[in-house]
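Working notes, beginning with the structure itself.
Each value in this text was obtained by applying a stated rule to the coordinates, not by laboratory testing. Keep in mind that what you see is a predicted model, and the values were worked out from it rather than measured. Neighbour counts run over all protein chains shown; Cβ positions are idealised from the backbone, glycine included.
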Amino acid sequence: MGQTLSEQILSHAAGRPVRAGDLVVVRPDVVMSHDSLSPSIIKIMQEELGVASVKDPAQLVMVLDHVSPASTVGVANQQNQVRRFAREQGVRLFEVGRGICHQVLVEEQIAAPGKIVLGSDSHSTSYGAVGAFGSGMGSTDIALIWATGRTWLRVPETVRVQVNGRFRPGADAKDLSLKVCQVLTIAGANYAAVEYHGLEWLPLPGRQTLASMAVEVGAKVGIIPPEGEVAERFSVPEWLRVDPDAEYARTIIIDLETLEPQIALPHEVDQVVDISQVAGTRVDVIFLGTCTNGRYEDLRQAAEILRGRQVASGVRFLITPASSREMTRAAEDGTLAALLSAGATLTTPGCGPCMGRHQGTLGDDDVCLSTGNRNFKGRMGAPTSKIYLSSPAVAAATALTGVITDPRNL
């Protein structure tokens, strides 16, 4: 009997064939933690578990990205604690400004095909973009891995998303991810792996968008077969291949030839409609960034729409690159200059605005169109604010007009 990608990865790690529903004890290849939760993980390991040192420093990666740079004295002190811990324990640390953890681990090829990459962040599903088993875990679970080097997992069932055709003008991977959220709903893939097929032609940035959003349907894992561009850039294990005899709990089919630009309505990610249903809705803030849509390709797409034009009066257009490398690429070819000339505001690579911590927190009754991954009440600031989710192209078009705008109509 065939195996899904998740079953293959966990079988290889466990040293025996496993199926959906089996319990396995494995050694994760990578364990990531960020500045917001690392202090609590340190406390759990050292004070509650009574373990002074991590089992395997080479297994761990720490990233200072969630409040980057520190917004208060308290946050600064916590980040200094993480720096000291990493230095004393010999753990790799990526400093403030390097970028969002999920982007950085892919850029550094720390996340790679066939690896198990667990993180103290729910969007650790992002690592499935390169064919890794990427998943988020709570602080106690991460502390236990720090202390022992191992963890247990239940092998997830797999939901197959069969994608047919190619994107039409105006639509991209973000629109596909929002359509999947609409079809599966926020609980439609609870503790499942969402495995995408038919996308061997899709560049890595689009795959990162899809994998990041998998957790929004409840998924344990979001994974795309490491074919095409990923196979060219990463070393893919011979044993990791799409198995035609694999069994899936469910299959959904998405036709890209009929996919329109999509918008998620406040305050649920699965409340998704075609853009025509909300076109003309007034907005106060446009946010372009996050681990879902803060890469060079996203910035360039927005710049192409905004070049030589100006952001609408009364609209705040915030841009947060996913990493220093993505920001540098955008600076080198004039992409950033075009965005700034149009009236955009650039912030440090990181997570701040997306999670409402700093550098763009929403106030009472603010309406935001975001390229991020979540729009629940209070996500980006005030509980009375409203967040719509869209693609970078829709975000740029909306920045020009001040109302939700279909980029195809410009």
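How high is the relative contact order of the stretch 262-409, in percent, counting Cα pairs under 8 Å that sit 6 or more residues apart? List each step's numbers first, then the result.
Numbers: 356 pairs, mean separation 51.2, N = 148.
After rounding, I find 35 percent.
With contacts defined as alpha carbon pairs under 8 Å and 6 or more residues apart, what's the relative contact order of the stretch 14-149 in percent? Don't skip to the end; give the middle numbers.
Numbers: 226 pairs, mean separation 40.9, N = 136.
Once divided by the residue count of the stretch 14-149, the mean separation gives 30 percent.
Choose one of SER276, SER324, LEU256: the residue whose Cα lies farthest towards the positive end of the charge dipole of the stretch 249-378 (beta-carbon charges +1 Lys, Arg; -1 Asp, Glu; about the Cα centre).
With unit charges placed on the Cβ atoms, the residue in question is SER324.
For a quick protection proxy, order the peptides 26-33, 364-371, 83-90 by their average other-Cβ count within 10 Å, most packed first.
Working: 26-33: 23.0, 364-371: 20.5, 83-90: 14.5.
Those peptides, ordered most packed to least, come out 26-33, 364-371, 83-90.
Take the eigenvalues of the Cα gyration tensor for the stretch 5-255, scale each by 5, and report the square roots as semi-axes in whole Å, largest first. Write down the numbers at each step before the final one.
Details: eigenvalues 192, 86, 50 Å².
Ellipsoid semi-axes (Å, largest first): 31, 21, 16.
Let me know the shape class of the stretch 254-410, please: from the alpha-carbon gyration tensor, a ≥ b ≥ c as square roots of the eigenvalues, rounded when a/c is under 1.5, otherwise prolate if a/b is greater than b/c, or oblate.
Rounded.
Taking the Cβ of THR151 as the center, what net charge do the other residues with Cβ under 15 Å away carry, scoring Lys and Arg +1 and Asp and Glu -1?
With Lys, Arg at +1 and Asp, Glu at -1, the neighbours total +2.
Once the other residues with Cβ under 14 Å from the Cβ of VAL31 are scored (Lys, Arg +1; Asp, Glu -1), what is the net sum?
Charge balance near VAL31 sits at +1.
Given the stretch 233-384, what percent of its DSSP beta bridges are antiparallel, to the nearest 5? If you can, show how the numbers build up before the last one.
Numbers: 3 of 14 bridges.
Roughly 20 percent of the beta bridges in the stretch 233-384 run antiparallel, per DSSP.
Taking Cα pairs under 8 Å and at least six residues apart, what relative contact order does the chain come out at, in percent?
Working: 1034 pairs, mean separation 72.1, N = 410.
Rounded, it is 18 percent for the chain.
Of the listed peptides 110-117, 164-171, 302-309, 187-194, what is their order by residue-averaged count of other C-beta atoms within 10 Å, with the highest listed first? Before the final figure, lay out each step's value.
Values: 110-117: 23.5, 164-171: 14.9, 302-309: 18.5, 187-194: 20.9.
The peptides rank, most packed first, as 110-117, 187-194, 302-309, 164-171.
Of LYS43/LYS220; LYS115/LYS220; LYS115/LYS179; LYS55/LYS115; LYS179/LYS386, which sit over 24 Å apart, Cα to Cα? Write out the running numbers ahead of the final one.
Values: LYS43/LYS220 26 Å; LYS115/LYS220 15 Å; LYS115/LYS179 28 Å; LYS55/LYS115 19 Å; LYS179/LYS386 20 Å.
In this structure, LYS43/LYS220; LYS115/LYS179 exceed 24 Å between Cα atoms.
So for the chain: antiparallel DSSP bridges make up what percent, rounded to the nearest 5? Before the final figure, lay out each step's value.
Numbers: 10 of 53 bridges.
Among the beta bridges of the chain, antiparallel pairing accounts for roughly 20 percent.
Rounded to the nearest 20 debye, what is the charge dipole size of the stretch 311-398 about its Cα centre when +1 sits on each Lys and Arg Cβ and -1 on each Asp and Glu Cβ? Please report the intermediate quantities before stating the final value.
Values: 8 positive and 6 negative charges, 57 e Å.
Its charge dipole is roughly 280 debye.
Students often check this: by mean Cβ neighbours within 10 Å, which of 39-49, 70-80 ranks highest, and how do the rest follow?
Numbers: 39-49: 17.1, 70-80: 14.0.
Result, highest mean first: 39-49, 70-80.
Could you point to the residue in GLY74, LEU64, GLY97 farthest towards the positive end of the stretch 43-109's charge dipole, with +1 and -1 charges on the Cβ of Lys/Arg and Asp/Glu respectively?
Result: GLY74.
Counting Lys and Arg as +1 and Asp and Glu as -1, each charge on the Cβ, what is the dipole of the chain about the Cα centre in debye, to the nearest 20?
Working: 37 positive and 44 negative charges, 134 e Å.
Dipole magnitude for the chain comes out near 640 debye.
Please name whichever of VAL403, PRO392, LEU288 sits farthest to the positive end of the charge dipole of the stretch 262-409, dipole taken about the Cα centre and charges placed at Cβ: Lys and Arg +1, Asp and Glu -1.
Selected residue: LEU288.
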